[in-house]
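Shown next, in structure tokens, is the structure this report addresses.
What follows draws every value from the coordinates through simple rules; no lab data is involved. Model, not experiment: these values are computed from the prediction. FYI the Cβ positions are ideal-geometry reconstructions off the backbone, even for glycines, and counts take in every protein chain you see.
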Amino acid sequence: MNFESFNLHPSIMSGVRELGYVTPTPIQLQAIPPILQGQDVVGLAQTGTGKTAAFVLPILQRLLQGQRGCVRALIIAPTRELAEQTHDTTQRLGKQTRLRSVTVYGGVNMTPQIQKLRGKAEIVVACPGRLLDHIRQGTVNLSHIEVLVLDEADRMFDMGFLPDIRKILKHLPSHRQTLLFSATMPDDIRRLAHDVLRNPVTVQINHTMPLTTVSHALYPVEHHHKNTLLMKLLKHPDTESVLVFTRTKQRAMSVAQRLKKAGYIATSLQGNMSQNQRQAALDGFRKGSFKILVATDIAARGIDVSHISHVINFDMPDTVDAYTHRIGRTGRAAKTGDAFTLTTQNDNAMVRAIENTLGMKLERRKLEDFDYTSSSAHNTPAVPLQQSQRHHRRTGAKRAGSHTSSDSKPRYHRTSEKPFGKRRSSHAAHSSGSSARKPHSSHN
Ligand code: AMP
């Protein structure tokens, strides 16, 4: 099955080709036909599955017909980053259609947004709070809306946006197509879907399951060794572009700071930053000028960087869903990725919950040249380097001495034969020998 089978307009197909999409992803295969037919759709799919194009392509197809110069499609997203990313995808896929999209979110001046809204765009991608501000001020006209998308609805619920969404709904024409995308279906989202969608078709991709292209591993460690262990993990040449998650903003800042001091090209993304700083961090990470981004869950929501090679959970997330969302950042659109989690004893209950949800035991790994018993936060190699190198040669495995599984019972899910998980075959030549560190780093 290819994109031609959707009979999209040639101007849209040129965008599809421009973005290099050849084969539709499963969510696109399932969702595009009913959306093109005008049906309401509930899409159970997480970020990384290609869900954005699954709704953007049929929206563009619909908007090609009919009136121009008024807002006919509204996409509501939980964060500015996701809004920008969806806007970007819309612009790129719709480049030849001359349909216009604008973003509306808080934390930036309203005036340029008002001017852009007056500029007669057909698509608005908005975060709920700021959209409500525009509605109250009368600076956006939603009376022509034909399609509404509620994207990452579960995250909007987590972030407390459902009351705002219900208020926004009152300002939309009741005769419209509504599409709701969510990685999970908590009761409140189920109720919302029931209230606002008409006879929806439900399409489901790997419900709450992390992408199969991601290999997972746990690195049990004492809390005070986390920083050193992180540095060790980052030394591996497989690391191309690494997203590190911390529990708090402060921790994101301090971990990024430490990494920078150690010579890594790292930055942080957290709620204390201005919109411009956040955008600069994201753009830098996307372009590869930052190899490591240390982020909190909320800040990292919707990050679309297709080449993330590793997600490292410096802190265990609070919920299984958050774990799923975090690791959805790697292994996007059928690329493979690795998800590592540093776990302390306090995380045992969450580890069990994740394993129950995934239906498999995660591999525990131990670094051989790491002194787990040291009382100091500054760990030094327990095994002299030469000795560990001899071990590599003896086992014949690529850097086999660096990482071993502490539990090799067959019932464990072995993420890969190689210590750092699967190699991305398409990237192998390019990435081997490249690490997330500066080439001339002082951290050697
Ligand atoms: P999303 O789940 O919408 O955030 O998309 C995840 C990533 O997959 C983005 O980088 C998209 O550009 C990419 N993508 C979406 N659809 C396809 C496709 N059919 N083929 C290849 N890449 C895709």
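Over 19 Å apart at the Cα level, from the set Lys51/Lys291; Lys232/Lys261; Lys232/Lys291; Lys51/Lys116; Lys226/Lys287; Lys226/Lys366, are Lys51/Lys291; Lys51/Lys116; Lys226/Lys287. In this label model, Gln65 and Thr344 are separated by 6.0 nm, measuring between points 7 Å along each Cα→Cβ vector. For the listed peptides 139-147, 1-9, a ranking on the average number of other beta carbons within 10 Å per residue, highest first, reads 139-147, 1-9. In order along segment 175-189, phi translates into HN-Hα couplings of 8, 7, 9, 10, 10, 10, 10, 7, 7, 9, 10, x, 3, 5, 6 Hz, rounded to whole numbers, per the Karplus curve 6.51 cos²θ - 1.76 cosθ + 1.60 with θ = phi - 60° and x for Gly and Pro. Using θ = phi - 60° in the Karplus curve 6.51 cos²θ - 1.76 cosθ + 1.60, the 3J(HN,Hα) couplings for segment 217-223 round to 8, 9, 10, x, 7, 6, 3 Hz; x is entered for Gly and Pro. Summary of packing: across the peptides 274-285, 223-234, 345-356, 119-130, the per-residue average of other C-beta atoms within 10 Å ranks them, highest first, as 119-130, 223-234, 274-285, 345-356. Taking the number of Cβ atoms within 10 Å of each Cβ as an exposure proxy, the fewest-first ranking of Tyr21, Tyr372 is Tyr372, Tyr21. Placing a pseudo-label 7 Å from each Cα along the Cα-to-Cβ vector at Asn276 and His223 gives an inter-label distance of 3.8 nm. Once backbone amide H atoms are built at 1.01 Å from N, Ile75 has Val124, Val125, Ala126, Val149 as its partners under 5 Å, excluding neighbours fewer than 5 places away on the same chain. Overall, the ratio between the Cα radius of gyration of segment 3-205 and 2.2 N^0.38 Å, rounded to two decimals, is 0.94. Evaluated over the Cα positions of segment 83-125, the convex hull gives a direction-averaged projected area, one quarter of its surface, of 2.8 nm². Residues whose amide H lies under 5 Å from that of Ser215, counting only those 5 or more places away or on a different chain, are Gly337, Asp338, Ala339; hydrogens are built 1.01 Å from N in the peptide plane.
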